[in-house]
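What follows is one structure encoded as structure tokens, with my remarks underneath.
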Amino acid sequence: MKQGRRAVLGMALLGGVGHVFGGAPKPMVSGPPESRTALDAELTAIAQAPECQLSSMSVLAVRDGKVACEFQSGQRFIGTGGLPSKAANERTLYRMASISKMMTTLGLMRLVEDGKLALDADAGTYLGYPLRNPRFPDQPITLRSLLSHTSTLRDEAGYSFAAAKSLKSLLLPGGELHGNGAMWAPTAPPGQYFTYSNLNWGVIGTIMERVSGERFDRLMKRLLLDPMALHGGYNPAEFSPEDLSNLATLYRKRTVDTEIWDTAGPWIPQVDDYSVRPPARPAGIETYEIGTNATPFSPTGGMRMSARDMGKVMLMLMNDGKHEGRQILRPATLATMFSQQWAYNGSNGNTDNGLFNYWGLGNQHFVDKPGMQLVEGGGFAAVGHLGEAYGLISVFAADLTGKNGMVVLVGGVSSDPEVYKGKYSAMPRFEEQVLTALHRRVIVGKKV
């Protein structure tokens, strides 16, 4: 595909929910001419499937180191109370859930390059107090173990806390939030056993604040967003009016605080609904002490970004850390970040029903093996991250050597993804279908 070429193809209305949309959104697809119409139809059908409708979707595919496809459909905001609906577009930002961990890691690796952090140092030296599992007091916890989910930290005691609460009171025995120590694994010392833990990234974000002296959300703007001219960030209260107007509300056909799904019912906003009032600053942030608790900004899941800007990040990674001639990260740094740190051997970790099998530093490795493939029939191995929260389903998967990749952002689901299971992986079925459509019709498709 020639650079800058775009096409607008057809009109898509999500089946069964047209009455709430107030007009049909326009999916925008670019790619090889012979596949654009077919891809448009296939993605639209996936979004309309009665088994699991998607409130909005924004996808991007990279082929041979260039953006070869963009597609948006559905509504970033579903009109209610007299407010009009707003269609998703190429600038729409989504709260990307756990892909945020990989973005946070990119910022952390810049601090490693600057000599402010070392991956194998005792992380407690950066926090200013011991970071030790009380059951293994002689085993230091390092950034490497935090980034690879082998730190022994667990989410059982929570992973997001008010700004006024210091993580020190959670992590140290006797602290106000420590309780019975449920945040610490009882077996296997640090570095040996994988358990996916959001709390790791609260600790990582706090360490980043401590060594930089900057609040996490603003630090990430300096380290990653501003150098690449990316929109969004971890704190909607500081977004520009343009970005805020393009922020997708996340939906489910499920009540907010319970697990009651009604696929025939209305779309229910879950997060990022600022249709009536603007986002508030995190409570207590005015008196927050930098370097004590970065969790109000959610280094683990709070990044908002568009698929288009995620594509810029993907291209930067494929181009040895360069973005528009500027070196964002060194090639050796990226090689370290995406090197394999953990592999499941049958007994050394919790795979979450086969979802997690190989891990780098802040990124998942998608190997092309039966039961864990990204696309039907195989043929695509990648690194990146998955995300799922509040109805959002997200994928960042990049073959850095072949320079092919896919970004998927789904803004809401009508059915429980745990019920609408995939056929050949641990992902929901619609996620498999979207990735397979992009792979077959764009990445493997005939070159132009």
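The values are calculated or read from the model by the stated rules, or taken from the named source; none is laboratory data. Everything numeric here is computed off the predicted structure, so don't read it as measured data. Virtual Cβ from ideal backbone geometry, glycine too; neighbours counted across all protein chains shown. Just so you know, the surface numbers come from the protein's heavy atoms only, side chains and all, with ligands and any DNA or RNA stripped out. Shrake-Rupley method; radii C 1.70, N 1.55, O 1.52, S 1.80 Å.
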TODO: Return a yes/no flag: does region 108-128 have any residue that is modelled with pLDDT of 95 or more, of a type in the set (D, E), touching a strand residue (DSSP E or B) at 6+ places or on another chain (Cβ under 9 Å) and over 23 Å from V383 (Cβ atoms).
DONE: yes
Task: Selection status of A12, surrounded by 22 or more Cβ atoms within 10 Å (Cβ to Cβ), touching a strand residue (DSSP E or B) at 6+ places or on another chain (Cβ under 7 Å) and at pLDDT 95 or above - done: no
Open item on the list: I need the full set of residues from region 264-289 which are part of a loop (DSSP other than H, G, I, E, B) and open to solvent by 70 Å² or more (accessible area, probe 1.4 Å), in order please.
Closed with: A264, P266, Y274, V276, R277, P278, A280, R281, A283, E289
TODO: For region 99-132, enumerate the residues that are assigned to a loop (DSSP other than H, G, I, E, B) and buried (at least 23 other Cβ atoms within 10 Å of the Cβ).
DONE: A123, L131
Task: Unique match (being among the β-branched types (V, I, T), open to solvent by 10 Å² or more (accessible area, probe 1.4 Å), in contact with a Gly (Cβ under 8 Å, 6 or more places away or on another chain) and at pLDDT 95 or above) among V383, V367 - done: V383
Open item on the list: Restricting to region 290-317, give me the number of residues that are outside any helix (DSSP H, G or I) and within 27 Å of R210 (Cα to Cα).
Closed with: 13
Open item on the list: I want to confirm something. Restricting to region 334-357 and keeping residues that are in contact (Cβ under 8 Å) with a residue 60 or more places away in the chain and more than 21 Å from the chain's Cα centre (by Cα), which single residue is least open to solvent (accessible area, probe 1.4 Å)?
Closed with: G349
- [ ] Mind counting the residues in region 200-238 that are open to solvent by 30 Å² or more (accessible area, probe 1.4 Å), in contact (Cβ under 8 Å) with a residue 60 or more places away in the chain and under 25 Å from G412 (Cα atoms)?
- [x] 1
TODO: Taking P428 as the residue in question, decide whether it is at pLDDT 95 or above and more than 15 Å from the chain's Cα centre (by Cα).
DONE: yes
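A quick yes/no check of all residues on (1) in a loop (DSSP other than H, G, I, E, B); (2) touching a Leu at 6+ places or on another chain (Cβ under 8 Å):
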site: Q192; (1), (2): yes, no
site: G202; (1), (2): no, yes
site: E214; (1), (2): yes, no
site: D217; (1), (2): no, no
site: M220; (1), (2): no, no
site: L224; (1), (2): no, yes
site: P227; (1), (2): no, no
site: L230; (1), (2): yes, yes
site: Y251; (1), (2): no, no
Task: Exclusive hit being aliphatic (A, V, I, L, M) and touching a Cys at 6+ places or on another chain (Cβ under 9 Å), set V67, V112, V59 - done: V59
TODO: Evaluate region 246-256: report whether one residue or more is modelled with pLDDT of 95 or more, surrounded by fewer than 16 Cβ atoms within 10 Å (Cβ to Cβ) and in contact with a strand residue (DSSP E or B) (Cβ under 9 Å, 6 or more places away or on another chain).
DONE: no
- [ ] Collect the residues in region 133-165 that are open to solvent by 40 Å² or more (accessible area, probe 1.4 Å) and either out of contact with any Leu (no Cβ under 7 Å at 6 or more places or on another chain) or free of Cβ contacts under 8 Å to residues at least 24 places away in the same chain (or both), keeping them in residue-number order.
- [x] P134, R135, F136, P137, D138, Q139, P140, E156, S160, A162, A164
Open item on the list: Quick test for you: out of K403, K423, pick the one residue that is more than 16 Å from E376 (Cβ to Cβ) and over 18 Å from the mean Cα position of the chain (by Cα).
Closed with: K403
Task: Checklist (1) open to solvent by 20 Å² or more (accessible area, probe 1.4 Å); (2) without any contact (Cβ under 8 Å) to a residue 40 or more places away in the chain; (3) of a type in the set (G, A, S) applied to A87, failing item - done: (2)
